[in-house]
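The values are calculated or read from the model by the stated rules, or taken from the named source; none is laboratory data. This is a predicted model, so every value here is computed, not measured. Every residue, glycine as well, gets a Cβ built from its backbone with ideal geometry; the counts of neighbours run over all protein chains shown. Heads up: the accessible areas ignore ligands, DNA and RNA and are worked out on the full protein's heavy atoms, side chains in. Shrake-Rupley method; radii C 1.70, N 1.55, O 1.52, S 1.80 Å.
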Amino acid sequence: MPSSLANLVSNCMIFPDKKPHVETLKLSVSDIPMLSCHYIQKGVLLTAPPFSFDDLVVFLQQSLSTTLSYFPPLAGRLITEPEGHVHIDCNDAGIDFLVVKSPTLSVSDILCPGDVPDCVKEFFTFDKTLSYSGHFKPLAAVQVTELVDGVFIGCSVNHAVTDGTSFWHFFNTFAEITKGASKISKTPDFCRETVFNSQAVLKFPPGGPTVTFSGDEPLRERIFHFSREAILKLKYRANCGCLLTKQTNSEVLGKLSNDNWKSASSNTEISSFQSLCAQLWRSVTRARKLEPIKTTTFRMAVNCRHRLDPKLNPYYFGNAIQSIPNYAPAGELLAKDLSWSANLLHKSVVAHDNETVRHGVEDWERQPRLFPLGNADGGSITMGSSPRFPMFNNDFGWCKPLAVRSGRANKFDGKISAFPGREENGSVDLEVVLAPETMAGLENDAEIMQYVSEMELVN
């Protein structure tokens, strides 16, 4: 966004309205690898509130202060002890709160067809800031941007402090309190007596780590919308190994609603999301025009909270994720049908159980390392975020969000983020970041584009 389109009105610090009940939190085996990742940048687009923008700013500042009292780590700073362990010092140092006005941008500019406009990236602060910077920068920031006919509320949070689950827990609570709740519905759990707590130390060079991918490559970014109906067709195709070109939508939905069709949580059934991921893996690989013997990788981040025995609290605050890489030669991936690649993804997710999580922790302790973001070999895809995250539960008091968007953080050729569709009925939006020539190939790939539809904007 050219500077003439947006004006910074104010920048202040927001502090918790109560003293912290947590003093320090040690970064875990799942937190530490994220120190080389950018801050998470996600936000929601809203219609204009039925009161003045200035009043909204006051409401947001007050509710953010209250929210931070429930999430004291976010108002702290990172500290590294002499022996190398990294902690969050919950010292009430505060977070940034920015107010920006963009008098020429409208909601329709943000939701225009085609590539995501560059102006969206300016709705966030801490642009391309590494999480290690939390030693001397705030661990979170909120920016509220006034548009001609709407508002964008963007949040940037240190990725070594939260994963996606904890990020949206904080964001949801912020919205809940702004809307008027006197008591929050979901209390964060700051317990650190888990399998992820470790004495292993990752040594950093002076000044900290560097990002693990190049941020200078040309990229295109688009949102592809998949309706519930389209995803059910993909799921049926992946599970039955048959094409549906001659079946009507009602026939497909009828088969999927059959009593013998197991639930999405079944260990024997390929899920809707696994089916969609498999289709994307195939289509992006085809668009890249790779040699048949080239190894391709589809990497997925999985939430470990419910995979452990005993399970972690679902509101455990921090990172509780591990990465699952799946490999296939490009030629074989494209020669086989969708069910083959979908089954690869399905098996790896099902196999990631309590024992696998614990082995992953032990492996990291033997060889501490950073999270491997990027596409160094040209054949990788990394799936992040989740359509299960409650992104549209962010009603700040006057409307449900129109859309979810993200900033520049952690984007490279092959980075995909999954959002729930606004309909919240099983539809999915994929935020796809690819090299320009690969994106052009994907847009012309009939196999995946038959499932893509326009997003429906419902007031």
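Computed quantities for the displayed model
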| item | result |
| --- | --- |
| Where labels lie 7 Å past Cα in the beta-carbon direction, separation of Val350 and Arg369 in nm | 2.8 |
| Only Lys, Arg (+1) and Asp, Glu (-1) charged, at Cβ; the stretch 7-179 dipole about Cα centre in debye | 180 |
| Residue among His169, Ile153, Ser69 farthest towards the positive dipole end of the stretch 7-179, charges placed on Cβ | Ser69 |
| Span-rule helices in the chain, defined as complete DSSP H runs reaching 15 Å or more along the axis (Cα) with Kyte mean at least -0.5 | 53-70, 164-179, 272-288, 338-351 |
| Positive-end residue of Val86, His135, Gly114, charge dipole of the stretch 7-179 with Cβ unit charges | Val86 |
| Equivalent ellipsoid semi-axes, the stretch 56-138, via Cα gyration tensor eigenvalues times 5, rooted, Å | 32, 19, 9 |
| Charge dipole (debye, nearest 20) of the stretch 122-210; +1 at Cβ of Lys and Arg, -1 at Cβ of Asp and Glu | 320 |
| Radius of gyration and Dmax over the Cα atoms of the stretch 7-179, both given in Å | 16.4, 54 |
| Per principal axis, descending, Cα span of the chain in whole Å | 61, 53, 46 |
| Bridge type composition, the chain - antiparallel percent by DSSP, nearest 5 | 80 |
| Value at 222 nm in deg cm²/dmol, rounded to 500, when DSSP H runs of n ≥ 4 in the chain each add -39,500 (n - 2.57) | -8000 deg cm²/dmol |
| Rounded Å value of the spacing that divides the Cα centres of the stretch 297-354 and the stretch 23-86 | 28 |
| Cα convex hull of the stretch 302-438, projected area averaged across orientations, nm² | 11.3 |
| Furthest towards positive pole of dipole, Phe97, Ala403, Val9, structure part the chain, Cβ charges | Ala403 |
| When each of Lys19/Lys42; Lys121/Lys233; Lys42/Lys415; Lys19/Lys400; Lys311/Lys415; Lys233/Lys336 is checked by Cα-Cα distance, pairs over 25 Å | Lys19/Lys42; Lys121/Lys233; Lys19/Lys400; Lys311/Lys415 |
| Nearby aspartates and glutamates by direct alpha-carbon distance to Lys186 (threshold 19 angstrom, same-chain neighbours under 8 apart not counted) | Asp17, Asp163, Glu176, Asp395 |
| Cα-centred dipole magnitude for the chain, charges only on beta-carbon of K, R (+1) and D, E (-1), debye, nearest 20 | 700 |
| Accessible area of the chain belonging to carbon and sulfur atoms, whole % at 1.4 Å probe | 51 |
| Relative contact order computed over the chain (Cα-Cα under 8 Å; 6+ residues apart), in percent | 22 |
